[in-house]
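Novice: Here's a structure for you.
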Amino acid sequence: NVTGPNLASLEPVFEEAAYLAGVVAGLMTRSNKVGAIGGMSFPIIVRGIEGFRAGAEAVNPGVQVTTTYIGTLDDVARGKEAALAQISTGVDVIFHIADAAGVGVIQACEEQKVYAIGFGFDQNPLAPQTVLTSFTVSYRTLLLEAVQRILAGQFEGTIQRYGLATGVVDLAPYHGLVPDEVAKRVEQFRQDIISGRVTVPRIDTPPSP
């Protein structure tokens, strides 16, 4: 992130929406094993992966969270391979922040009949019985808000973060795959994060094995 008198950083707060994705995974797993696959170990992606871990552990203290960084954002085959490796250990819900490579994650989950949580936009149409929800990022909303502040003469050369309260990051609809009681728990966590009652950890580097 960089700042200056005529320069600002606009950052979607990945960890907040990813935490909610973790709550979904922690409540929907039957094996008590969930997974997260990151395309690259960039700080913003790591924040999302670790936010997911925190959310899963918050609702399911016995859950085991397996994380994998595949070193690519566009290799679909590598995404699928990583997901199959996690599934072979008993993981039954996998979240990805891997852009195009995440399509391979969803393909693996669909083939092996386990759940996936998408990223970027609502990915349920890729596998309607597999993708429970998706972490969504609206850069349009982020940029519109920033431009409106510039037009109003309110530009600040600072780091500006956009979390759940702004609608820039969120979860997509559940498409009937998530029980009402799970949806209610997620909504409560959403409100608690926005109000500050729940603090989502902000972790920039993957934990040591």
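Novice: Please state which one of Arg140, Arg185, Arg149 is out of contact with any Ser or Thr (no Cβ under 6 Å at 6 or more places or on another chain), modelled with pLDDT of 95 or more, of a type in the set (Lys, Arg) and not in a loop (DSSP other than H, G, I, E, B).
Specialist: Arg185
Novice: In addition: Considering (1) touching a residue at least 40 places away in the same chain (Cβ under 8 Å); (2) in a helix (DSSP H, G or I); (3) surrounded by fewer than 23 Cβ atoms within 10 Å (Cβ to Cβ); (4) not charged (D, E, K, R), say which one Ala77 fails and leave the rest.
Specialist: (1)
Novice: Next question. Within the stretch 165-180, does at least one residue satisfy the condition of being closer than 21 Å to Leu10 by Cβ and among the acidic types (Asp, Glu)?
Specialist: yes
Novice: OK, next. Taking the stated definitions as given, is Thr89 free of Cβ contacts under 8 Å to residues at least 40 places away in the same chain and among the polar types (S, T, N, Q)?
Specialist: no
Novice: Residues of the stretch 6-52 being within 19 Å of Ala82 (Cα to Cα), part of a strand (DSSP E or B) and in contact with a Gly (Cβ under 6 Å, 6 or more places away or on another chain), which ones?
Specialist: Passing the criteria: only Lys33.
Novice: Could you please let me know if Ile97 is open to solvent by less than 10 Å² (accessible area, probe 1.4 Å), at pLDDT 95 or above and within 22 Å of Val23 (Cα to Cα)?
Specialist: So Ile97 passes the test.
Novice: OK, next. Report the residue count in the stretch 34-51 for those that are without any contact (Cβ under 8 Å) to a residue 60 or more places away in the chain and crowded, with 18+ Cβ neighbours inside 10 Å.
Specialist: Taking the stretch 34-51 first, the residues without any contact (Cβ under 8 Å) to a residue 60 or more places away in the chain are 40, 42, 44-45.
In the following step, the residues that additionally are crowded, with 18+ Cβ neighbours inside 10 Å were identified as 45.
Residues that pass the stated criteria total 1.
Novice: Would you check if Asp122 is touching a residue at least 60 places away in the same chain (Cβ under 8 Å) and either loosely packed, with under 13 Cβ neighbours inside 10 Å or of a type in the set (D, E, K, R) (or both)?
Specialist: no
Novice: May I ask you to list pairs of residues, at least six apart or on different chains, whose Cβ atoms are under 7 Å apart, with the first in the stretch 175-196 being closer than 18 Å to Leu132 by Cβ and the second being open to solvent by 40 Å² or more (accessible area, probe 1.4 Å) and part of a helix (DSSP H, G or I)?
Specialist: Val182/Leu27; Arg185/Leu27
Novice: From Gln86, Gln129, Gln107, grab the single residue that is open to solvent by 50 Å² or more (accessible area, probe 1.4 Å), closer than 18 Å to Val34 by Cα, part of a helix (DSSP H, G or I) and among the polar types (S, T, N, Q).
Specialist: Only one candidate passes the filter, namely Gln107.
Novice: Go through the stretch 3-33 and give me each residue that's basic (Lys, Arg) and free of Cβ contacts under 8 Å to residues at least 60 places away in the same chain.
Specialist: Scanning the stretch 3-33 gives a single hit, Lys33.
Novice: Starting from residues that are touching a helix residue (DSSP H, G or I) at 6+ places or on another chain (Cβ under 7 Å) and closer than 15 Å to Glu57 by Cβ, keep the ones in the stretch 194-209 and report whichever is surrounded by the most Cβ atoms within 10 Å (Cβ to Cβ).
Specialist: If we take residues in the stretch 194-209 being touching a helix residue (DSSP H, G or I) at 6+ places or on another chain (Cβ under 7 Å) and closer than 15 Å to Glu57 by Cβ, then Val200 is surrounded by the most Cβ atoms within 10 Å (Cβ to Cβ).
The values are calculated or read from the model by the stated rules, or taken from the named source; none is laboratory data. All values reported here derive from a predicted model rather than from experimental measurement. Every residue, glycine among them, receives a Cβ derived from its backbone with ideal geometry; neighbour counts consider all protein chains shown. Remember, those area values only see protein heavy atoms, side chains included, never the ligands or the DNA or RNA. Shrake-Rupley method; radii C 1.70, N 1.55, O 1.52, S 1.80 Å.
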